[in-house]
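To keep things clear, I will list the structure first and then write my remarks on it.
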Amino acid sequence: MDKLSENRLETRFSDAKPLYTDSEAQIEANRCLFCYDAPCIKACPTGIDIPAFIKKIATGNIRGAAKTIFEANLLGVSTARVCPVETLCAGACVYNDYDKRPIQIGRLQRYATNRALKMEKQSGRKLFTPKKKTGKKVALIGAGPASLACAAYLTLEGVEPVLFEVGNLPGGLNTTGIAPYKLQATEALQEVEWLLQFGIGIKTGVTVGKDIQLQELLRDFDAVFIGAGLGKDKLPGIPGETGSGRWGATELITKIKTDSGFIVPDEVQQVLVIGGGNTAIDIARELAMLGVPEVNILYRRTEAEMPGYAHELESARKHGVRLQECIVPKEVEESSNGRLVLTVENKNNGKLEKFESDWLVYAIGQEKHAARLSKEIEVNDKGWIVVDEATRRTSHPKIYAGGDCINGGKEVVNAVADGREAAKAMLREWSGE
Amino acid sequence: MADLAINMCGIKSPNPFWLASGPPTNCGEQIMRAFDAGWGGAVWKTLGDPIVNVSSRLGSVDYAGNRMSGLNNIELITDRPLEANFREIYAVKKKYPDHAVIVSLMVESREEWKEIVNMSIDAGADGLELNFGCPHGMCERGMGSSVGQEPKVLEKITSWVAEASSIPVLVKLTPNVGDILDPGLAAVKGGADGLSLINTIKSIVGVDLDNFVPLPSVRNKSTNGGYCGPAVKPIALHMIAALARDPGVKIPISGIGGISTWRDAAEFIALGSTSVQVCTAVMHYGYRIVEDMIDGLSNYLDDKGMRSVNELIGKAVPNYTDWGNLDLNYKIVARINEEKCIGCQLCYIACLDGAHQCIHTRQNPCSAFHGESDHGARPRTEVKPPVMHESSAGGEHVPFIDEEECVGCNLCNLVCPVPACIEMVEQDTGKAPESWNERMSKQLGGFGG
């Protein structure tokens, strides 16, 4: 595994929601009504017993609070930071109907997990101890949240999992993709390290299908879990789309987060981001925060139709990002002074317009590469691996899958839920239940 | 604007708000600032043979993030020389002739009492308050609550003071007794002009769980202290009301115990207090709180059409009665306002586990009784969820009440976080009022006849 250099662009970002102090956590925890049959639990894809862990923070039982979180979601550290709580748990908080600020559940979860892991380190008293080994082995393709959740859950149940990661860094999008004002790569890797110490094996720089065959995994392991995420950034398919100054959004985000010495040069004064999802909003905001004076998101439909979250767009706008609606890119040219000229169709009036920029960023989705793994695995027309809803089992009886490769790109917390449910299904299968 | 001035057994005060004997009345400089802030009177920190205090004296009960819901102290009476105290009393009275200065006293022998009474009168005090209540430290030396717990001793000392004093004498009672009437009536018998209560409740406020020492810790040891603050208010209200309604108590009462706001004060006055004394709330927020107490009480009296605070004194006493006189045929039931309900279901779980299983949810219409885990219980009535309005804030999470089964206990109303969301509504039972005592006397009559 690679070590991250200190010299990463993402380290210039500060925390949008800093770690609570003890007293801040106490005050916020005491605001919680401790609802019965609480809507926040139902809104959580991993079903964390949120009122229970918040009550435990309020009583000073921090270890218990963290265990309540981890028992439902072993990636409680990162999900506390990266979950869109505004649309999940906090969005369901009953205070929203009472004209009160909803409980800051993400920040309380971060506080509890952070403090408990610190205490674990200091005391040496482990939060979790894996059960005796059962002899079962599972291979996991990809080392992102879905695979990590699945592997960690399995390890605690005595299974020996091995992660096969194509890149040099584990953690998936937590390491390479999450906006740095939410979670930085170093912090993501600390969580991975904590999970690996349960007894998870990992091989990085390994491509399944090239360095090792899926058939070998099926032969050597009792089950295979595919948590391979998504592939490269898609291109719009227009003339002149590649060349200098033209980036894929996740490619650029990864550079900001993990590359040593990568910078956005001062000459970059104008950037156009093409897309309307959360990745488009993220990269636009990151570039604006890094000092690019003019960042415009070009979206082919209207704001109301954007798949990106409204609260994220609002935050991006506060950093100066602007949105242009109903703009469809048609062609990229280079001007004589080396700048990019993007010809677009304005769908409002059907006219062609030209936008100049220094950089052009494509955030229109990623390739679905997991489909290439095996012909035996059924894939839908969108390129997503088809799984049974309850077990996350694919059409192949020994292969399970979860995360972005089965849903086209949802939240980290959905991937965690997939990994856990797949692990449970494997255990049920082996115990003959 | 209503007249707030009072005359409590000859002690006149521009308003009923007095500072209770304690740290806020330790010296003249403090009391002058308090009078400037608006306090009508002050009971001077107890004078006696000056003592030595320990360091670390207070501990508090914090509840769900609220500081000092209850306060406990192990501080003793004044640690300043008597001469200094009397000099300051004289100065305060000279500067504030219309404010009430009552001197709290605690000594042992008849001679000492006589002497300190005279010194207080000479200093210009408007009244005396005999501290028969302190439940820590002083009681180990035969004073404070050890007097208050012995009606005969209390009566005797009261009579010594009453005989020696030309100014009104209040006896301050300890709540650390089985029945407050015993020391209360003893004080009346001894010749007290008024009663003050409650003093603090004997208590241990907490334990340091790292060092296993009760709190507050004095070099890893502690002792029981006196408990006061908002948490003790109900205990004080009961004791005051018990004395106020007793025909043997015809002297006025100064109410003490957890008073923090004008509302608290109004309740104490309605249950029979003429003046009210405040300590913990001032220790928490300072003398400035009296501004709202005066303003709020005055507005309240105006709203109620009362021209003087004297009209409020004891107004709720006739409605304090024995349980046996309560109407058994009065029925109220809970009603949830679904437009206000936010769906927290605290009422549901409180009723299910802590009351009478009369609230149901749409998710679990008969949740207390479903299937295998019913522990023998069976549905008493089958209740169908009512049709919901779209305006409901809590949506499908709004619970509903089985009005047939609801006993009207108030618990749901008390746990509901939304004001006026759950109302208790009176039901017509069609039965004439009947108390337990009436029912029993009818039966006795029946048997006899």
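A compact table of results
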{"item": "Number of the condition not met by B:N85 [criteria: (1) under 28 Å from B:A231 (Cβ atoms); (2) away from chain A (no Cβ under 14 Å); (3) touching a residue at least 24 places away in the same chain (Cβ under 8 Å)]", "result": "(1)"}
{"item": "Selection from the stretch A:99-113 of residues that are surrounded by 19 or more Cβ atoms within 10 Å (Cβ to Cβ) and not β-branched (V, I, T)", "result": "A:P102, A:Q104, A:G106, A:R107, A:L108, A:Q109, A:R110, A:Y111, A:A112"}
{"item": "Near pairs, Cβ below 6 angstrom, 6+ apart or cross-chain, from the stretch B:388-406 (within 14 Å of another protein chain (Cβ to nearest Cβ)) to any residue that is at pLDDT below 85", "result": "B:V398/B:S392"}
{"item": "Qualifying positions in the stretch B:190-237 - of a type in the set (S, T, Y) and within 19 Å of B:S55 (Cα to Cα)", "result": "B:S203, B:S217, B:S222, B:T223, B:Y227"}
{"item": "Members of the stretch A:157-172 that are touching a Ser or Thr at 6+ places or on another chain (Cβ under 8 Å) and more than 18 Å from A:K255 (Cα to Cα)", "result": "A:E157, A:G158, A:V159, A:P161, A:L163, A:E165"}
{"item": "Residue that is farthest from the other protein chains (Cβ to nearest Cβ) [pool: residues in the stretch A:37-54 that are in a helix (DSSP H, G or I) and over 22 Å from B:N364 (Cβ atoms)]", "result": "A:F53"}
{"item": "The stretch A:89-148, residues that are part of a helix (DSSP H, G or I) and among the hydrophobic types (A, V, I, L, M, F, W, C)", "result": "A:C89, A:A90, A:A92, A:V94, A:I105, A:L108, A:A112, A:A116, A:L117, A:M119, A:A146, A:L148"}
{"item": "Residue match in the stretch A:104-120 (condition: out of contact with any Phe, Trp or Tyr (no Cβ under 6 Å at 6 or more places or on another chain), acidic (D, E) and at pLDDT below 95)", "result": "no"}
{"item": "Yes/no for B:D122 being charged (D, E, K, R), closer than 21 Å to B:M32 by Cβ and under 31 Å from the mean Cα position of the chain (by Cα)", "result": "no"}
{"item": "Filtered residue count, the stretch B:64-75, keeping only those that are within 14 Å of chain A (Cβ to nearest Cβ) and either touching a residue at least 60 places away in the same chain (Cβ under 8 Å) or within 8 Å of B:G229 (Cα to Cα) (or both)", "result": "2"}
{"item": "Scope the stretch B:252-280; condition in contact (Cβ under 8 Å) with a residue 40 or more places away in the chain, within 19 Å of B:V43 (Cα to Cα) and among the aliphatic types (A, V, I, L, M); matching residues", "result": "B:I253, B:I256, B:A265, B:I269, B:V276, B:V278"}
{"item": "Leading residue by the ranking (surrounded by the fewest Cβ atoms within 10 Å (Cβ to Cβ)) among those in the stretch A:55-78 that are without any contact (Cβ under 8 Å) to a residue 60 or more places away in the chain, away from chain B (no Cβ under 12 Å) and among the charged types (D, E, K, R)", "result": "A:E71"}
{"item": "Qualifying residue in the stretch B:247-258 (condition: surrounded by fewer than 19 Cβ atoms within 10 Å (Cβ to Cβ) and either assigned to a helix (DSSP H, G or I) or in contact with a Ser or Thr (Cβ under 6 Å, 6 or more places away or on another chain) (or both))", "result": "no"}
{"item": "Only one of B:K340, B:K331 that is closer than 30 Å to B:R245 by Cα, surrounded by 15 or more Cβ atoms within 10 Å (Cβ to Cβ), of a type outside the set (A, V, I, L, M, F, W, C) and at pLDDT 90 or above", "result": "B:K331"}
{"item": "Selection from the stretch B:65-89 of residues that are within 25 Å of B:K202 (Cβ to Cβ) and loosely packed, with under 13 Cβ neighbours inside 10 Å", "result": "B:N66, B:R67, B:D79"}
{"item": "Boolean, A:P18 is closer than 30 Å to A:T279 by Cα, more than 14 Å from every other protein chain (Cβ to nearest Cβ) and outside any helix (DSSP H, G or I)", "result": "yes"}
{"item": "Residue tally, condition surrounded by 15 or more Cβ atoms within 10 Å (Cβ to Cβ) and among the acidic types (D, E), over the stretch B:113-124", "result": "0"}
{"item": "Members of the stretch B:145-161 that are in contact with a Pro (Cβ under 7 Å, 6 or more places away or on another chain) and either surrounded by 24 or more Cβ atoms within 10 Å (Cβ to Cβ) or not in a helix (DSSP H, G or I) (or both)", "result": "B:S145, B:G148, B:L154"}
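Conditions tested, residue by residue: (1) more than 24 Å from A:D418 (Cα to Cα); (2) buried (at least 16 other Cβ atoms within 10 Å of the Cβ); (3) modelled with pLDDT under 95.
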{"residue": "A:Q190", "(1), (2), (3)": "no, no, no"}
{"residue": "A:F198", "(1), (2), (3)": "no, yes, no"}
{"residue": "A:I212", "(1), (2), (3)": "yes, yes, no"}
{"residue": "A:L218", "(1), (2), (3)": "no, yes, no"}
{"residue": "A:F225", "(1), (2), (3)": "no, yes, no"}
{"residue": "A:G237", "(1), (2), (3)": "yes, no, no"}
{"residue": "A:T250", "(1), (2), (3)": "no, yes, no"}
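The values are calculated or read from the model by the stated rules, or taken from the named source; none is laboratory data. Everything numeric in this text was worked out from a predicted model, so none of it was measured. Cβ: placed from backbone, ideal geometry, glycine included. Neighbour counts: every protein chain shown.
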